[in-house]
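*Asks:* Here it is: the structure, laid out below.
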Amino acid sequence: MRTRWIAVLRTPVGAGAGLLLLGVLLLAVFAPVLWSHQANAIDTDHLLQGSSAQHWLGTDNLGRDIFYRVLVASRTSILLALLATAIAVVTGLALGSAPAILGKRGGRAAIAVVNIAVAFPGLLLALFFAVVFGVGAKGAVLAIGFAGAPSFARLTQTLVAGVAERDFIAAARIAGVGRFRMLVRHILPNIAEPLVVNATIGAGGTLLAFAGLSFIGLGVQPPAYDWGRMLGESLSGIYVHPAAALAPGVAVVIAGLAFNLFGEAVAKGLGVQVPRARWTSRTPEAVPARDSDAVLVVEDLQVSFPGPVTPVRGVSFTIRKGEIVGLVGESGSGKSLTALAVAQLIEPPGQVTAAELSFLGAPLLGRLPVRSTAATRRRLLGTSFAMVFQDPMTSFNPTKRIGVQLAEGAREHQGLSRRAAMNRAIDRLRAVRVPAAERRAHQYPHEFSGGMRQRAMIGMGLMGTPALIVADEPTTALDVTVQRQVLRLLETIRSEDDVAVLLISHDISVVAEICDRVLVMYAGRVVEDLPATELATGARHPYTRALLAAVPDLDTALDEPLAVIPGRPVDPARLPDGCAFAARCSFASDRCRTEDPVLVDQVACWHPQAQAEYSSFRTGQR
Amino acid sequence: MTTTVSAPVLTTHPWLAFAVRRLGRLAGSVLILVSAAFLMIHLIPGDPVRGALGPAAAQSLVDAQRASLGLDNPLWQQYVDFLHHLVTGNLGTSITTGLPVSDVIRDRLPATVELAVAAFLVAMLIAVPLGLAMGVLTRGGRRPRAELGFTSTAVVLAAIPEFLLAVGLVYIFAVTLHWFPVAGRGSVASYVLPVLSLAIGPAAVLARICRVELLAVLQTDYLRTARAKRLPAAAVYLRHALPNAATATITVGGLLLGGMVAGTVLVENVFGWPGLGSTIVSSIIAKDYPLVQGVVLVYGVGVLLVNLAVDVILALLDPRSTIRES
C-alpha cells in the first residue's frame, strides 16, 4: 500500500497536488506565527486603499494589510475545515458501520436515517444545524461536520457491504468472531484506504462549505476572520476595491483544490490505468474467394494490441455451407479474439490483419472503394452473419424489450415496418422454442432465465437469413441441462437451413458432441485440424491429446486426481522461440525449443503422435 | 421506510408497488422533515424568544410572545398544533416583521424557483451533449490530450463553489466589462450571472459523469451485440448507449438539482436576489425562528419532490429500477 502511495506522488498530477497541499498546510502552521503582527496592524492613514508597494493587495476598512490577512486566515480556515471533516468522518463511520454492529433491526433503522439524511443537500443540513448550534465558529464546525456525516455514512455502508461478502469475513464469522471485533479487526482495515482518500477529497469540500457559511455571516464572527468572512465583508466594495474580495476567494479555491486534487490523484493512482496508445489499421490486399461452397475463408489472420502483443498469430481455416466447426483451446488461446476478428468486432486499439478474410465471397478487410459498399457490407453481415455471445445475462440491453432488440436489425437491414419486424421476432422466438413467444417478446431481459435469453440471442441471429452463426462459448454460462438444449438447437438450425456454425468452446466434450470438424488452438495458432469423429482415435498433436485426457468420464478412477495439463498457458507477450507448447510437452526435443512448427498435413508439431498409439480416450460423447 | 408489500395485487403490478413504496417513503421523509423543523426551536439552548427579542426586551413582552407561539403548552400539544397549522397552511408569524410566514414565502419563492430551474436547465443543456460528445471522441483512449484538457477543466470548475464563482463572474462581467448588472433581479440580463454561477459547477460534474458513463456503456456486452447487429454508429450510440448512460446522469443530475436548490441560498446572497435564500440567512441571524422553520420546510419539501421526480424518471427509463428495490 505504501509503495502505491509513493507511486501516486511520482505522477505529475499527484506530485503537483501533493506539493500544493504541503504548501497550504505549511502556510496554515506558520503564517500566524510569522505575520500576525502585519495582519492586525491598523494603519489609519491608508484606509481601503488599492494595491501599492507598501500593501500589495491594498488595505481593508481599518487600513489592515489584505495580503497578510489572507495568509494568516489560512490557519483558521483550514483548521476549522479539518475539524468539521473529522466530525463528519467519525459520525459517518459510526452511522455507517452501525448495521454491522447492531444487527438486523438496529441496522435497518440506521440505514433508514442515513437514506433520509442523504436525500437532503449538505448546505441545507448545515443551515438547519447552524440554527440549532447557534451562529458562530463552533456552531458552524458542528453544523458542517454533522451535515457531511450522512454521505460518509453512505460510503461506509457501501464499503462495509462490499467487504462483508468476501471469503475471509465469512471465515471469521464461522470462527465465531464477535460483531464489534469483526468490524474493528477485519472490516475497517480493509476499507481504510478508500475512506482516507474520500476524507481528503471531503476536506476540500468542507473547506469550501465553511467559507460559504462564513461568507453569509453564519460562521466565524469578528474580530476573528477566515477567508469566507473576509470575502463576505469586502463583497459590497467589489466595484471600488475588487482585490479585497478576490484575494480571499482565490485562496479558498487554491486550498480547496489542493485537498481535492490530491485526493483525486490518489484515488486514480490506486485504481487501474487504461492503455492510451492508439494503433492505426493496415489494409492488406483482399483476395477473392476460391471455394464457391465456402461461407467463411480465413487466411493468416492476426490480431494485435498495443504492447505490442499478438494474441492471434496466423490463423487459417475455411468453413463450408452447413458445416459445424469447433474451435477449442484453453482460456487465452486466442479463440474468442479469432471469433471477434472474423465478425469485425475488434475495437481499436486492437488491430486485425489477414491475407484473406472473406464472407460469402465478399472481402471483409481492406479499404472500400466507394461509400455505398460500406452499407452493402453492413447489410450482408447484418442479415447473413449471426453472433451468439457467451454471457446471455449481459449481452442484451437491459433497458429495451427483447422483441424490440430482435426486431431492430430486421428494421435496419430488411426495411421491415415496426409491426412486421415484431411479428418476425415473435416468429423467430417460436423457432428457438421460447414458450409464449408473443408475451415474452414484450418482456425485458431481466424477466428471462439464462437459457431463455441464450435462445433469444440465437433467435436474434435468425432474424435474417444467416449463412453463418459464430457462437462464442454459447453454453459456458448455462447449467448442464440447458447447455444440451442450446447445443441441440444449434444442431437443428444447421440441419434445417444449411447454416454453417463456428462454435468456440474451451470444453472439448461439447465440441465433440455436435461438430463436424475441430480446430485446436494454442497460443494464437491452430495446432491441429481434424474431423470430430477422429478425436477419439486420430488426434496427433500432444496438446490435443492432453486436452482429451483431461476430460473425465465414467471410467475415470475416482480415487486418482483428475488429469491436468502441466504448466500454464504461455503469455502472449512472451512467446518462446520454438513451439509455444514445448515447455509443457513431454515429447519436446531441442528442435521444438528452437524452431516453430507450422501447420502441415493438419497438425503443427515436430513430433506428431501415431494414430493408433492410444485408444483409451473417449470423445465425451455421452 | 418501505412498507412491506404482500398483497398479491402489488406483486402482479410492479408499477403500483413502486408507487406505493415510493409515496410511502416520501410521506415518511416529510414527516421526519416536519418533526425536525418543529424540534429545531426546542433544540436551541436557552429561550428562543428571549434570544430573538434580545436581552433588553421586557419580560412581559417575552411572556406574551411565548404565549402567542404556544411555547408554554406541553410539547405533544405544541406538536399537534404545529401539524394542524401546517395542514391549514398556517406557518405562524414572523417575530421581526409580524407578517404571516406564508405571505413572506409566497412573495419570495418564485424568484428562487426561477433561479434553480433556469440553472438546472442550463446545466443539463451544457453538460449532457458535451459529456456524450467527449465520450464518443475519447472512447478507447482516443485523443488523450482533449481528454486531459476536458477532465482538468471540469475538475477545476467543479471544485469552485458557486458563491466564489459568482464573485469571479461579477468581477469579470459586471465590474470590468459592464455587460451585466452586479446585483438585483429585473431584466433578463440580471438573470445571466446568477444562473451561470449556479449552473457551471454542476454542469462540469455532470459532463464528466456523462462521459465516464458513456465509456462504461460502450464497453458492455450488449453494445457489442448492438454492433454485431451492424447498426449504423448513430443508432448504436443514440438508441443503445444513451439511455443506459442517461440513468446515472439523471440520478446525479437530480442530486445536483437538489444541491442547486440549496446553492441558491449562497448565490442569492451574492446578488442580493430577493428569494428565499436571502430570507433564510437574514432570519437565522435575526433569530426569527418561525420564519426559519417555514423556509426550511419549503426547501426540504422542494428537495424531496425533486428526488421523487428523479426516481419516477429513472423508473421510466430503466424498468429494472422499479423491481430492484423489492
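Just so it is clear, none of the values below were taken in a lab; they were calculated from the coordinates. Treat the numbers as computed from the prediction; the structure is a model and nothing was measured. So basically every Cβ, Gly included, is an ideal-geometry build from the backbone, and we count neighbours across all protein chains shown.
*Asks:* Relative contact order, percent, of chain A when contacts are C-alpha pairs under 8 Å separated by at least 6 residues? Can you show the working numbers first?
*Replies:* Numbers: 1108 pairs, mean separation 66.8, N = 622.
Here the relative contact order equals 11 percent.
*Asks:* Would you tell me the mean number of C-beta atoms belonging to other protein chains that fall within 10 Å of each C-beta in A:110-122, as a whole number?
*Replies:* On the way: counts 0, 1, 6, 2, 0, 5, 9, 3, 2, 12, 12, 14, 2.
For peptide A:110-122, the averaged partner shielding equals 5.
*Asks:* Given contacts defined as C-alpha pairs under 8 Å and at least six residues apart, what's the relative contact order of segment B:34-147, whole-number percent?
*Replies:* Details: 37 pairs, mean separation 12.2, N = 114.
With pairs under 8 Å counted, the relative contact order is 11 percent.
*Asks:* Wrap a convex hull around the Cα atoms of segment A:462-596, take a quarter of its surface area, and give that in square nanometres. The partial results should precede the final answer.
*Replies:* Working: hull surface 42.5 nm².
So the mean shadow area of the Cα hull is 10.6 nm².
*Asks:* Just how far, in whole angstrom, is segment B:235-255 from segment A:103-128 if you go by their alpha carbon centroids?
*Replies:* That distance is 27 Å.
*Asks:* So, one more: How far apart, in nm, are the 7 Å Cα→Cβ label points at A:Glu347 and A:Phe180?
*Replies:* Those two pseudo-labels are separated by 5.0 nm.
*Asks:* Regarding segment A:1-91, what whole-number volume in Å³ per residue does the convex hull of its Cα atoms give? Let's see the in-between values first.
*Replies:* Values: hull volume 12.8 nm³, N = 91.
It comes to 141 Å³ per residue, whole-number rounded.
*Asks:* Further question on the same structure: So if I place +1 on the C-beta of Lys and Arg and -1 on the C-beta of Asp and Glu, and nothing else carries charge, what would the dipole magnitude of chain A be about its Cα centre? I want it in debye, nearest 20. Provide the component values of the computation, followed by the final result.
*Replies:* On the way: 58 positive and 49 negative charges, 348 e Å.
Its charge dipole is roughly 1680 debye.
*Asks:* I would also like to ask the following. Report, as an integer, the average count of C-beta atoms from other chains found within 10 Å of each Cβ along B:150-163.
*Replies:* Numbers: counts 0, 1, 2, 0, 0, 5, 4, 0, 1, 12, 6, 13, 3, 11.
The shielding value for this peptide is 4.
*Asks:* Which value, in Å to one decimal place, does the Kirkwood hydrodynamic radius take for the protein assembly as shown when every pair of different Cα atoms is included?
*Replies:* Numbers: mean 1/r = 0.0306 Å⁻¹.
Here the Kirkwood hydrodynamic radius works out to 32.7 Å.
*Asks:* Counting pairs of alpha carbon atoms under 8 Å apart in space and at least six apart in sequence, what relative contact order in percent does chain B give?
*Replies:* Numbers: 335 pairs, mean separation 80.1, N = 326.
Across chain B, relative contact order equals 25 percent.
*Asks:* Taking only Cα atoms and a 10 Å spring cutoff, compute GNM fluctuations for chain B and point out the largest among B:Val298, B:Val306, B:Val236.
*Replies:* Result for chain B, Cα springs under 10 Å: B:Val236 fluctuates most.
*Asks:* Within the protein assembly as shown, what percent of beta bridges assigned by DSSP are antiparallel, to the nearest 5? Write out the running numbers ahead of the final one.
*Replies:* Numbers: 27 of 45 bridges.
Of all bridge pairs located within the protein assembly as shown, approximately 60 percent are antiparallel.
*Asks:* Can you work out the FRET efficiency for the pair B:Ala27 and A:Thr11, with r the C-beta to C-beta distance and R0 = 35 Å, to the nearest 0.05? Each step should come with its number before you reach the end.
*Replies:* Details: r = 50 Å, r/R0 = 1.42.
Working from the Cβ atoms, E equals 0.10.
*Asks:* Starting from 0 in steps of 10 Å, tell me what percent of the Cα-Cα pairs of segment A:378-459 lands in each bin.
*Replies:* Computed distribution, short to long bins: 20, 54, 25, 1.
*Asks:* Please average, across the residues of A:398-408, the number of beta carbons from any other chain that are within 10 Å of each residue's own beta carbon, and give a whole number. Please list the in-between numbers first.
*Replies:* Details: counts 8, 12, 7, 1, 0, 0, 1, 6, 1, 0, 6.
Across A:398-408, the average partner-chain Cβ count within 10 Å equals 4.
*Asks:* A follow-up question, please. Compute the long axis of helix B:276-285 from its Cα atoms, compare it with the longest principal axis of the Cα atoms of chain B, and write down the angle in degrees, 0 to 90, nearest 10.
*Replies:* With rounding to tens, the tilt is 40 degrees.
*Asks:* Related question: Which of A:His506, B:His85, B:His240, A:His55 has the fewest other C-beta atoms within 10 Å, and how do the rest follow up to the most?
*Replies:* On the way: A:His506 18, B:His85 14, B:His240 25, A:His55 21.
Arranged by neighbour count, lowest to highest, A:His506, B:His85, B:His240, A:His55 become B:His85, A:His506, A:His55, B:His240.
*Asks:* Taking chain B as a Gaussian network, Cα atoms linked when under 10 Å apart, which of B:Ala27, B:Ala226, B:Ala56 shows the biggest mean-square fluctuation?
*Replies:* B:Ala56
*Asks:* On to the next question. Just how far, in whole angstrom, is segment A:430-478 from segment B:98-169 if you go by their alpha carbon centroids?
*Replies:* Answer, in whole Å: 43.
*Asks:* By what distance, in whole Å, do the Cα atoms of segment B:2-87 stretch along each of the three principal axes, largest value first?
*Replies:* Projected onto its principal axes, the Cα set of segment B:2-87 covers 66, 19, 16 Å.
*Asks:* Please get the size of the charge dipole for chain B, origin at its Cα centre, with Cβ charges of +1 on Lys and Arg and -1 on Asp and Glu, quoted in debye to the nearest 20. Present the calculation step by step, with values, prior to reporting the outcome.
*Replies:* On the way: 22 positive and 16 negative charges, 351 e Å.
It comes to approximately 1680 debye.
*Asks:* Next up: Any lysines with Cα under 16 Å of the B:Lys229 Cα? List them, leaving off those in the same chain fewer than 8 positions away.
*Replies:* A:Lys400
*Asks:* Here is a further query. Given R₀ = 22 Å, FRET efficiency for A:Ser331-A:Thr537 by Cβ-Cβ distance, to 0.05?
*Replies:* With R0 = 22 Å, the Cβ-Cβ based efficiency is 0.20.
*Asks:* Using the Cα centre of segment A:426-514 as the reference point, and only Cβ charges (+1 on K/R, -1 on D/E), how large is the resulting charge dipole? Debye, rounded to the nearest 20. Spell out each step's value before the answer.
*Replies:* Working: 10 positive and 12 negative charges, 70 e Å.
Result for segment A:426-514 is approximately 340 debye, rounded to the nearest 20.
*Asks:* log10 I(q)/I(0), Debye, Cα-only segment B:233-282, no solvent, q = 0.24, 0.32 Å⁻¹?
*Replies:* Taking Cα atoms of segment B:233-282 as identical point scatterers yields -0.81, -1.02.
*Asks:* Over chain B, what number does the Rg to Rh ratio reach, with both radii from the alpha-carbon atoms and Rh per Kirkwood? The partial results should precede the final answer.
*Replies:* On the way: Rg = 24.3 Å, Rh = 22.9 Å.
My calculation puts Rg/Rh at 1.06.
*Asks:* Also, quick follow-up: How much length would be gained if the chain were fully extended between B:His84 and B:Ser282, taking 0.36 nm per residue of separation minus their Cα-Cα distance, in nm to one decimal? Write down the numbers at each step before the final one.
*Replies:* Values: separation 198, 0.36 × 198 = 71.28 nm, distance 2.71 nm.
My answer for the length gained is 68.6 nm.
*Asks:* Taking a cut-off of 20 Å, what percent of all Cα-Cα pairs in segment A:152-277 are separated by more than that?
*Replies:* Details: 4858 of 7875 pairs.
That fraction is 62 percent.
*Asks:* Let me ask another. Putting +1 on Lys and Arg Cβ atoms and -1 on Asp and Glu Cβ atoms, find which of A:Ala153, B:Ser68, A:Ala164 reaches farthest to the positive end of the dipole of the protein assembly as shown.
*Replies:* With unit charges placed on the Cβ atoms, the residue in question is B:Ser68.
*Asks:* Suppose R0 equals 41 Å. What FRET efficiency, 1/(1 + (r/R0)^6) with r the Cβ-Cβ distance, do A:Glu299 and A:Ala267 give to the nearest 0.05?
*Replies:* On the way: r = 47 Å, r/R0 = 1.15.
The computed FRET efficiency comes out at 0.30.
*Asks:* Give me B:Trp15, A:Trp35, A:Trp227, B:Trp273 sorted ascending by neighbouring Cβ count inside 10 Å, so fewest comes first.
*Replies:* B:Trp15, A:Trp35, B:Trp273, A:Trp227
*Asks:* Based on Cα positions only, what radius of gyration and what Dmax would you give for segment A:43-177, in angstroms?
*Replies:* 22.8, 77
*Asks:* Let me ask another. Hydropathy first: keep DSSP H helices in chain A averaging at least 0.5 on Kyte-Doolittle, then drop any whose Cα extent along the axis falls short of 30 Å, and list what survives.
*Replies:* Values: long enough: A:12-40 (38 Å, 1.46); A:66-118 (55 Å, 1.44); A:137-164 (39 Å, 1.11); A:188-215 (39 Å, 1.20); A:242-270 (41 Å, 1.47).
Helices passing the filter in chain A: A:12-40, A:66-118, A:137-164, A:188-215, A:242-270.
*Asks:* Shifting gears a bit: Quick one: longest stretch of chain A between exposed loop GluC sites (Glu not before Pro), exposed meaning at most 11 other C-beta atoms within 10 Å and loop per DSSP?
*Replies:* For GluC sites (Glu not before Pro) (loop position, at most 11 other Cβ atoms within 10 Å), the longest site-free span of chain A is A:286-622.
*Asks:* A further question follows. How many angstrom lie between the C-alpha centres of segment A:33-76 and segment A:83-100?
*Replies:* Segment A:33-76 and segment A:83-100 have Cα centres separated by 39 Å.
*Asks:* OK, next. Using a cut-off of 16 Å between alpha-carbon atoms, which aspartates and glutamates can reach B:Lys287, once sequence neighbours fewer than 8 places away in the same chain are excluded?
*Replies:* Candidates past the 8-residue exclusion: B:Asp47.
*Asks:* Hey, another quick one. In which sequence would A:Arg484, B:Arg211 go, from the one with the fewest C-beta neighbours within 10 Å to the one with the most?
*Replies:* On the way: A:Arg484 16, B:Arg211 27.
Placing the least packed residue first, the sequence is A:Arg484, B:Arg211.
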